1. If a residue has to be in contact with a strand residue (DSSP E or B) (Cβ under 7 Å, 6 or more places away or on another chain) and farther than 22 Å from residue 135 by Cβ to count, how many in the range 307-336 make the cut?
2. How do the pairs read when you match residues in the range 406-423 that are farther than 21 Å from residue 464 by Cα with residues anywhere that are part of a loop (DSSP other than H, G, I, E, B) and open to solvent by less than 20 Å² (accessible area, probe 1.4 Å), using Cβ under 9 Å and keeping only pairs 6 or more apart or on different chains?
3. From 538, 517, which residue is touching a Pro at 6+ places or on another chain (Cβ under 6 Å) and over 27 Å from residue 398 (Cβ atoms)?
4. What number of residues within the range 475-513 satisfy the criterion of being more than 30 Å from residue 661 (Cα to Cα), within 25 Å of the chain's Cα centre (by Cα) and among the β-branched types (Val, Ile, Thr)?
5. For residue 119, only one of the following conditions fails: (1) open to solvent by less than 50 Å² (accessible area, probe 1.4 Å); (2) assigned to a strand (DSSP E or B); (3) touching a residue at least 40 places away in the same chain (Cβ under 8 Å). What is its number?
6. Quick one: in the range 561-592, which of the residues that are of a type in the set (S, T, N, Q) and not in a loop (DSSP other than H, G, I, E, B) is surrounded by the fewest Cβ atoms within 10 Å (Cβ to Cβ)?
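The values are calculated or read from the model by the stated rules, or taken from the named source; none is laboratory data. As the structure is a computational prediction, the values presented were derived from the model and not from experiment. FYI the Cβ positions are ideal-geometry reconstructions off the backbone, even for glycines, and counts take in every protein chain you see. Areas reflect the complete protein model, heavy atoms only, side chains present, ligands, DNA and RNA absent. Shrake-Rupley method; radii C 1.70, N 1.55, O 1.52, S 1.80 Å.
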Amino acid sequence: MTRTAHRKTQRGSSLLEILVVIVIFTVGILAAVQVYPGGLNVLRANRSNSVANALNRAEMERLKNEVEQMPVAVLPLTYAFRGTYRELELDLQKRPTDLMPTGATGLSTNGIITDADGGIGKWQLFSGANVARYVVGEGRRIPGPRFVQTATGTEFGGVMNLQFAPVFIETGFEYSDPSSADAVFFNKPHVVYGNDLIRRIVDTAPVGSRMRQDYTVFVDDEGLEMTVPQGPYRSDLAVGSASRFYRVSARVQYTTPAGTATQDLVRVLGVTMAANGVPRINYPVGLAALFAVATPGYTFERVEPDTLQVARIFEDVSTGNFLTEAQISARPEILDDAVYQYKRLNDRLGVLLFHPKGASYTERRNRGRFPLVAKVDYNVHDWRNLREDFRIPRPVPYQHKLLMESLKVLGNLDNDGTPNTTGIGFQVRVNGGGPLEYVDFLLLDRETGAVYTKSSYRVDKSRGIVYFNDLDNNPANGLTCDVIYSGMTTATRIPDVSGRSVRAIFQANGDFAVQLVKATTDYRPTFSQTLGFGQCYVGGTDVSAPSSLPTRLYFPLSDAGKKVIVGEAWYTDAGGNRKSLTEQEFIIRAPSGVDWGALAYVDLQEKDASAAGFDFSFGYALRSVRGASVTIRTTWNPSTFALSNDPVANLSKLNAFYTQTRRTSTETFLMKGAQE
């Protein structure tokens, strides 16, 4: 048999063929790569949106756990130059969408926003979400007392943590004239005060009579005089000193060369204590002196009595001691003073300590006795400082995964291309015996206001994981860490911190900011279009504003987009029939241009198209206008810009930067109960 051998043909690729294949692959790959950036941008945007929604939910859950402490409002500010300082003033004509400070004229090469009077401050702190930073009336019932370690030893009292701390404390910014009596209180990081006293409008204020009601302020119907409760004699105070201070706010009318003008003002009133053994009286107060202003040509005319609000200010005894049990037992009448004492454990981080008897104390009001409530006014330092509350894990490993990844790192470039040299924005001592320093991550002990030292933990900032270090390397006694109490320079070792409540404070890449947006808890109807805080104007009632519509209720521009509930409104329809609305929810609309357009509004015609105007047949047309809900708004901005030597061009770049701001919101009903 003959075998035929077949040799396989072996053939190689020529250089030309290889080059053709390379060209084809290159063209295909380049075409595909051009599609990737858009796709990657979409993925990044979707991921950032998911993170923002997660931040909204987390913040909402945090506030639900502390709904009792919900503030009355969060308001925008402006920074008026007063020669040697900038005064912090409400800017109620600022729309919620405005992201720049009023009067900005430039942005310097080092990132300072300027106006006609000079530099205001770093753009990160005075624009964007930080335009609205003034928290009004954040408060709650005095917390139950416990033992707390402080710089001066062990204290016993109720600890309150401000929900949106860190607090804005910057030199050169004042709440009022530094030379005025008000500055004693309003230039502190916090103003702490109690429930409003019951206001009684009478023909003549009971001047000098024996005080019988420690919770009532009398004001005459002319708005010229009032009387407030006088404090008892206290041997721990100097003779002739004021033993009580009150926060007094009102709408005040002045006569000016141009006619009548009104201003909404807040003043501090000091009431001298009674002499030893002399009964307390209703202390007389001349409102002309209390509300005198230095504006040339302004002469006090009267206070609008129904706008007067008076609340007692808590006594700050941070450098001293609470009134003791023995002192109170010897003189029971000073219990009213004891429960109005507090200490500032940590100004910047917003940790306050109240007298232990405050938690069980109740005050008389019209409807019975109510718990003592402490309310606090303060400014948020920076909404970009994200706050995450958690408990230190008990089991090994001692670690916690933060909600955010990609945390900002001290020294890395910021959005404007300059190095981030301030971290979370202020200096703190995080090393026992070490100096104050800027940090990009801070861990606060919520029980005491102490700060955990850097040696007690480390942070993986790319993954958002906090790892705790057992400093004595002895698992048998739990997790040992060091803390630095407020006012101290050395560290204190705590044998086992597992399970303790802490707050992590940090910033995230992408300029994420989580902010509370809410309507004022209650609005007072007024009949002038010049609106102050917590006021609404009934359309058609101000003869100086004839273009206002009689079916509209007007609000400051800063309230646009928020929700209110009108509890009771009486009106007439086109046929002259009297009608009413009860418990109706409205969204406050931005000016429409139909009327004079200076204020935001709600319109009765949204609920009844036949409404023709408010009806005052019963002596009133409106009752109970209140904020309806709260919103958590998260903003973020992944874009960047480069500062130059041209301040005007830099300001344009900053405005363009804010056009890239993304936002997402979560709204819910979080209404704390009435405190009065």
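1. So the answer is 4.
2. If the second residue must be part of a loop (DSSP other than H, G, I, E, B) and open to solvent by less than 20 Å² (accessible area, probe 1.4 Å), the pairs left are 416/111; 418/111.
3. Every option except 538 fails the conditions.
4. The total comes to 1.
5. Here residue 119 meets the rest and fails (3).
6. The initial filter retains those residues of the range 561-592 that are of a type in the set (S, T, N, Q), namely 572, 577, 580, 582, 584, 592.
So of that shortlist, the ones also not in a loop (DSSP other than H, G, I, E, B) come out as 572, 580, 582, 584.
On the way: 572: 19, 580: 13, 582: 11, 584: 18.
Filtering the range 561-592 for residues that are of a type in the set (S, T, N, Q) and not in a loop (DSSP other than H, G, I, E, B), the one surrounded by the fewest Cβ atoms within 10 Å (Cβ to Cβ) comes out as 582.
Yes/no matrix, rows are residues, columns are (1) surrounded by fewer than 21 Cβ atoms within 10 Å (Cβ to Cβ); (2) outside any strand (DSSP E or B):
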{"site": "444", "(1), (2)": "no, no"}
{"site": "447", "(1), (2)": "yes, yes"}
{"site": "463", "(1), (2)": "yes, yes"}
{"site": "466", "(1), (2)": "no, no"}
{"site": "488", "(1), (2)": "yes, yes"}
{"site": "503", "(1), (2)": "yes, no"}
{"site": "511", "(1), (2)": "no, yes"}
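Every residue, every condition in (1) out of contact with any helix residue (DSSP H, G or I) (no Cβ under 9 Å at 6 or more places or on another chain); (2) among the hydroxyl-bearing types (Ser, Thr, Tyr), yes or no:
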residue: 324; (1), (2): no, yes
residue: 327; (1), (2): no, no
residue: 341; (1), (2): no, no
residue: 345; (1), (2): yes, no
residue: 351; (1), (2): yes, no
